[in-house]
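Chemist: Okay, here's the structure, questions in a sec.
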Amino acid sequence: MLEVDGIDARYGHAQVLFGMSFRIGPAEAVALLGRNGAGKSTLLKSIMGLVPATGGQIRFAGQRIDGMRPSRVCRLGLGYVPEDRRIFTDLTVLENLEVGRRPALAGGEPWTAERIFQLFPSLGEMRHRRGDRMSGGEQQMLTIARTLMGNPTLLLLDEPSEGLAPRVVEILGESLASLRAANLALLIAEPNLAFAARLADRAILIEKGRVAHEGAIADLVRDEEIQRAYLGA
Amino acid sequence: MDFIVVQFLNGVASASSLFLVASGLTVIFGVTRVVNFAHGSFYMLGAYMAYTLTSQLPRGSLGFWGGVIGAALVIGLVGALLEFVLLRRLYRAPELFQLLATFGVVLVVQDLTLWTWGPEDLLASRPLSLRGAVDVMGRSVPVYDLVLIAVGPVVLAALHLLFHKTRWGTLVRAATQDREMVEALGVEQSRLFTAVFFLGSLLAGLGGALQLPREAASLNMDLAQITEAFVVVVVGGMGSILGAYLAALLIAILQAFGIAIFPKITLVLMFLVMAVVLAVRPYGLLGRPQAVARVGGSSLAVALRPAGSWSKTAAAVVVAVLALSPLVLGDYSMTVLTEVTILALFAASLHFLMGPGGVVSFGHAAYFGVGSYAVAMAIKYSGLPMLVAVVGSPVAAGMLGVAVGWFCVRLSGVYLAMLTLAVAQIVWSTAIQWDGLTGGDNGLLGIWPDDWARGRWVFYLVILTISAGGILLLRRAIFAPFGYALRAARDAPLRAEASGINPGIVQWAAFVLSSALAGVAGGLFALAKGGVFPTYVAIGRSIDALLMVLLGGVATVTGPLVGTAVFVALQDELSRFTNVWRFILGCVIILMVLAFPEGVVGFAARWRRDPDA
C-alpha cells in the first residue's frame, strides 16, 4: 500500500536521506530500526509531506503523494504520530481528539471518542483534563488516539516508547498490538528492538539515510552481528 | 462622584471598539503569527464603508445596523482576499518581511481611501432611536454610548462560544499552538488561515463601523488605531481575548479620566501603562510565554564575513567619490546626498541591533529624535559650538538606550517590538506636548552649523566624516570579539551563557551603542535641516529605518547602506513626480518582499554566491 521509491530529503544544505526505497503491504507491520540520526524521523516526515522529498517518488493507495500537502496525505489514510507527542496542551483530551477527527474512508467502523476510551481506558477517566496536566505516558496515548480519530489505514509511529517508564511501555505495547490485530498497517520508527519485535513482522534497518538491511524481524533478533553493526547494541 | 461615573461610562464605551480591533489582531497573530500592520487600515475602511452603506440604506435603526454589519462583512472579505493574494506567499518568510509587506498594504490603502472617499472627514448621523441621552446621576450619557458598552461583553461572549463550543474554534485554538501538527491531522492550513483573516478583519471593520457615529472617519485613523491595538494586545497578553478586553477597558478608562483631568498626558499615558505592565508581567496580563522564535529568526542568521581587500578598496573608492561629489553635484542633489549619508548611519545603527544583535527595534526613531533635540537645544539654549553640541547627541540618546535596553533584553519577539515602539511614542508625545522646551508642533528652528562649516563643501565633509566614522565603528564592533559574543547570544543564548558570555549584558551594550549612533545621525540631521520637528520621532521615521534595513537585507553588512540609497531615491523621486507616491511605494515594497525576501543586497549576494556582499 505504501511504496517509497528512491527518495532523497535534505535540511538546508545537509542531505539526510539518500535514495531510500522500500514497500509496505496492506495490514503489514514494519519496524524502522537504526541509530539516532540515521534518518528515521526524517523518513516518516517526508512520507507525510512535512519535510519535502527532493527526489524519488512516494506512492500510497495508488497515488503519488510526494509533493502533496500533509493534510491531503492524511486524508488518503496515512496517520502520523510525531516523536515529541505534540499534543495541544491548551486543549482538553476530548478537544484533542476532536482536532484529529475525520470521516472514515470506505468501509470499517469509524473511531469515536468512546471506542478510543475502550482502547486507552485511562484517557476515558480524564476526558476534560487539559493536555498540560497529563503525564508523559498519558500524553503519548493521547497523541496516538488523536491520530486514530482520523481513521488511518497506515499508522506512522515515531519512537512511541521514547522516554516512558517500562510499565507504561508495556501498556502501550498491548494497545498497539490490539490495533495490529485489527489489521491496521504500522510503520514504527524505534530504537528499542525488543519493543519493535513484539509488534512488527519485518524490519528495515537504516544507516546514514540509506536502507542497510531488510528482513524478517525474527531473524534480526537472533543475529547479534547485524545488531552490533547497525544498532550499536 | 457623578463626574467619576460619567467618565467611567465614557471609558467603557470607548473600550468596546478598541477591544474589537485588538481581538481581531490577536486572533490573526495567534494562528498565523503574522503581525498585521494593515489591521488599522481595516478599521479605517470599516468606518468609511459604514459611512457609504448607512447613507445609501434607508434611514432608521434597520438601515444603520444593516450598514454597520454590511461594512464588517465587506472588510472581512477584504481581509480574506489579502491573505489569499499576498500573505499566503509569505508564511515561510521571516516575520519582519511579513510586517514590511503589511506596511506596504497600509500605504496602498491610504491612497485608495483618499481616491475613493476624498480628503474630507466623514461623520455619519445616528439613527433617531440612538440619538438621545440617558440621565445618569444628573449628567446625560448618550444612548449610543450605552449600546457600545453592551457590545464589548456581547462580542467577548460570542467569541468565547465560537472558540470553545464549535469544531472550527477548537481547530483555531489547536493551530494557535502547533499549526503544522494540525495540518498533519488533515486540516488544510491555508483554508483555516483565510477564515481566521476573515474573522479578524471583520472584527476590525466592525470596530471602525461602530466608532463612526462617535468619531468622524478620517485618513489618519489607521496608524493611530493600529498603535493603540498593538498596545492593548500586548498589555492583555498576545493571543488572549479576555486579556484584550481587560486591557482595552484599562486603557480606555484611564484615557477617559486622563483627557478630563490632565489632557497633556493622554498621549503618553497609554504607553506608560504598557511599559509598567511589561516590566512587571513580560507576557502581558493574561498572556503566557510565546513558543515563537525571536523576531528575525534563524533564516536571517547568515554568517557575516569581514571585508576582504577588494571590498575595502571598493569602500574607500565610494567614500572618496562621495567626498568629491560637491564638485559636480548641484544644490538639490547635494541636499539629497547629505540626507542619504546621514540616514545611512541611522540605518546602520538599526541594522547592528537587528542583524548581529537579533533585537528588533520598532521605535528606533526615539534615539534619532532624542539626538536631534539634544543638538538643537544645546545650540539654541546654550549657544554651544556645533561640534560640542554634536557630542551631546550620542550621550543623550545613549542614556535613553541604557534605560530602555534594560527592559528590552528581558523581552523577546512581539513584546520587545511593542515596547520599543511605545518608547518612541512617549518621546514623540513629549516632543509635541512639552512645548516650552521643544517648541511643540512647530519644533525648534534656526539650528545652523557654525560659520566655519557653512560652506556646502566643508559641511558635507563634516557629515561624511562623522557618518562614515560611525559606520566603520559599527563594522569594527561586528567583527570584534564583542560582535562574536553578540551573535553567539543571538543564535544560542544558553550555549553562549555556558561559555561565559552574559547574553543580557552583551545585548544591552549593543542596544546602547546602537541608540548612541542613531542619536548622532539625529544630531547631524538637525544641523542639515536647520531645525528639529516632532516628525523626527514619529512612527513613520522608525518604519523608514526598518524599510531601509530590510530593503538592503538584514543578513549583510553593506545592505542597510544600499537600502538607504534605494529608499531615499524611491521616496524622493516618487514624491516629486506623482501625488500617489504612497500607493506606488506600497506596491514597490510588496513586490520587493515577494520577489526578494532577503533584501536587495542579500539577493545579489545569493545570486553571486558570495556571502560578503
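The values are calculated or read from the model by the stated rules, or taken from the named source; none is laboratory data. The model shown is predicted, which means the values in this text are computed figures rather than measured ones. Glycine gets a Cβ as well: all are built from the backbone with ideal geometry, and neighbour counts include every protein chain shown. Remember, those area values only see protein heavy atoms, side chains included, never the ligands or the DNA or RNA. Shrake-Rupley method; radii C 1.70, N 1.55, O 1.52, S 1.80 Å.
Conditions (1) open to solvent by 10 Å² or more (accessible area, probe 1.4 Å); (2) outside the structural domain of B:PRO153 (by TED's automatic domain parsing); (3) more than 23 Å from the chain's Cα centre (by Cα); (4) among the hydroxyl-bearing types (Ser, Thr, Tyr), marked per residue:
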position	(1), (2), (3), (4)
B:GLU228	yes, yes, no, no
B:GLY236	no, yes, no, no
B:LEU242	yes, yes, yes, no
B:TYR245	yes, yes, no, yes
B:ALA248	no, yes, no, no
B:PHE257	yes, yes, yes, no
B:ILE261	yes, yes, yes, no
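Chemist: Further, regarding this structure: Of the residues in region A:76-97, how many are open to solvent by 10 Å² or more (accessible area, probe 1.4 Å) and in contact (Cβ under 8 Å) with a residue 40 or more places away in the chain?
Modeler: We begin by selecting, within region A:76-97, every residue open to solvent by 10 Å² or more (accessible area, probe 1.4 Å); these are A:76, A:83-87, A:89-90, A:92, A:94-95.
Then drop every residue that is not in contact (Cβ under 8 Å) with a residue 40 or more places away in the chain, which leaves A:83, A:85-87, A:89-90.
Looking only at that region, the number is 6.
Chemist: Can you confirm whether A:GLY163 is open to solvent by 40 Å² or more (accessible area, probe 1.4 Å) and away from every other protein chain (no Cβ under 14 Å)?
Modeler: In short, yes.
Chemist: Against the conditions (1) in contact (Cβ under 8 Å) with a residue 60 or more places away in the chain; (2) open to solvent by less than 10 Å² (accessible area, probe 1.4 Å); (3) within 14 Å of chain B (Cβ to nearest Cβ), where does A:ASN151 fall short? Just the number, please.
Modeler: It fails just one condition, (2).
Chemist: What residue, of B:GLY530, B:GLY559, B:GLY522, B:GLY553, is in contact (Cβ under 8 Å) with a residue 24 or more places away in the chain, under 30 Å from B:GLN225 (Cβ atoms) and open to solvent by less than 10 Å² (accessible area, probe 1.4 Å)?
Modeler: On the way: B:GLY530 fails: under 30 Å from B:GLN225 (Cβ atoms); B:GLY559 fails: under 30 Å from B:GLN225 (Cβ atoms); B:GLY553 fails: under 30 Å from B:GLN225 (Cβ atoms).
On inspection, the qualifying residue turns out to be B:GLY522.
Chemist: If we scan region B:133-156, do we find a residue that is more than 14 Å from chain A (Cβ to nearest Cβ), aliphatic (A, V, I, L, M), open to solvent by 60 Å² or more (accessible area, probe 1.4 Å) and touching a Ser or Thr at 6+ places or on another chain (Cβ under 7 Å)? Before the answer, list the steps.
Modeler: Taking region B:133-156 first, the residues more than 14 Å from chain A (Cβ to nearest Cβ) are B:133-156.
Going one step further and asking which of them are aliphatic (A, V, I, L, M), we end up with B:133-134, B:136-137, B:141, B:143, B:146-151, B:154-156.
If we keep only those that are open to solvent by 60 Å² or more (accessible area, probe 1.4 Å) too, we end up with B:133, B:137, B:146, B:154.
Cutting the leftovers down to touching a Ser or Thr at 6+ places or on another chain (Cβ under 7 Å) gives us B:133.
Yes; the residues of region B:133-156 include at least one that is more than 14 Å from chain A (Cβ to nearest Cβ), aliphatic (A, V, I, L, M), open to solvent by 60 Å² or more (accessible area, probe 1.4 Å) and touching a Ser or Thr at 6+ places or on another chain (Cβ under 7 Å).
Chemist: Okay, moving on. If I ask for residues that are touching a residue at least 40 places away in the same chain (Cβ under 8 Å) and open to solvent by 10 Å² or more (accessible area, probe 1.4 Å), which ones from region A:180-198 would you list?
Modeler: Of everything in region A:180-198, those that are touching a residue at least 40 places away in the same chain (Cβ under 8 Å) and open to solvent by 10 Å² or more (accessible area, probe 1.4 Å) turn out to be A:ARG180, A:ASN183, A:LEU184, A:PRO191, A:LEU193, A:ALA197.
Chemist: Can you tell me which of (1) assigned to a loop (DSSP other than H, G, I, E, B); (2) of a type outside the set (Ser, Thr, Tyr); (3) out of contact with any helix residue (DSSP H, G or I) (no Cβ under 7 Å at 6 or more places or on another chain) is the one A:MET126 doesn't meet?
Modeler: All conditions are met except number (3).
Chemist: While we're looking at this one, here's another question. Using the structure shown, decide if B:ASP435 is under 23 Å from the mean Cα position of the chain (by Cα), among the acidic types (Asp, Glu) and more than 22 Å from B:PRO394 (Cβ to Cβ).
Modeler: no
Results for (1) part of a helix (DSSP H, G or I); (2) buried (at least 23 other Cβ atoms within 10 Å of the Cβ), shown as yes or no for each residue.
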site	(1), (2)
B:ALA397	yes, yes
B:ALA403	yes, no
B:LEU411	no, no
B:THR420	yes, yes
B:SER429	yes, no
B:GLY436	yes, no
B:LEU473	yes, no
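Chemist: Next up: Considering (1) of a type outside the set (Ser, Thr, Tyr); (2) under 15 Å from the mean Cα position of the chain (by Cα); (3) open to solvent by 10 Å² or more (accessible area, probe 1.4 Å), say which one A:ARG222 fails and leave the rest.
Modeler: It is condition (2) that A:ARG222 fails.
Chemist: May I ask you to list the residues in region A:5-50 that are within 14 Å of chain B (Cβ to nearest Cβ), within 24 Å of A:ARG75 (Cα to Cα) and open to solvent by 10 Å² or more (accessible area, probe 1.4 Å)?
Modeler: A:SER41, A:LYS45, A:GLY49, A:LEU50
Chemist: Taking the condition of being free of Cβ contacts under 8 Å to residues at least 40 places away in the same chain, within 12 Å of chain B (Cβ to nearest Cβ) and either over 23 Å from A:PRO103 (Cβ atoms) or polar (S, T, N, Q) (or both), how many residues in region A:51-75 meet it?
Modeler: Adding up the residues that qualify gives 1.
Chemist: Name the single residue that is farthest from the other protein chains (Cβ to nearest Cβ) among those in region A:88-136 being of a type in the set (Phe, Trp, Tyr) and closer than 22 Å to B:HIS164 by Cβ. It would help to see each step written out before you state the result.
Modeler: Restricting attention to region A:88-136, the residues satisfying the condition of being of a type in the set (Phe, Trp, Tyr) are A:88, A:111, A:117, A:120.
Right, trim to closer than 22 Å to B:HIS164 by Cβ and you get A:88, A:117.
Working: A:PHE88: 4, A:PHE117: 18 Å.
Step by step, filter region A:88-136, then rank; the result is A:PHE117.
Chemist: Looking at region B:157-192 only, could you name the residues that are buried (at least 16 other Cβ atoms within 10 Å of the Cβ) and either outside the structural domain of B:LEU203 (by TED's automatic domain parsing) or under 21 Å from A:LEU44 (Cα atoms) (or both)?
Modeler: Selection gives B:ASP178, B:ARG179, B:MET181, B:VAL182, B:GLU183, B:ALA184, B:LEU185, B:GLY186, B:VAL187, B:GLU188, B:GLN189.
Chemist: For region B:162-179, which positions are farther than 13 Å from A:VAL99 by Cβ and at the interface with another protein chain (Cβ under 9 Å from one of its Cβ atoms)?
Modeler: B:HIS164
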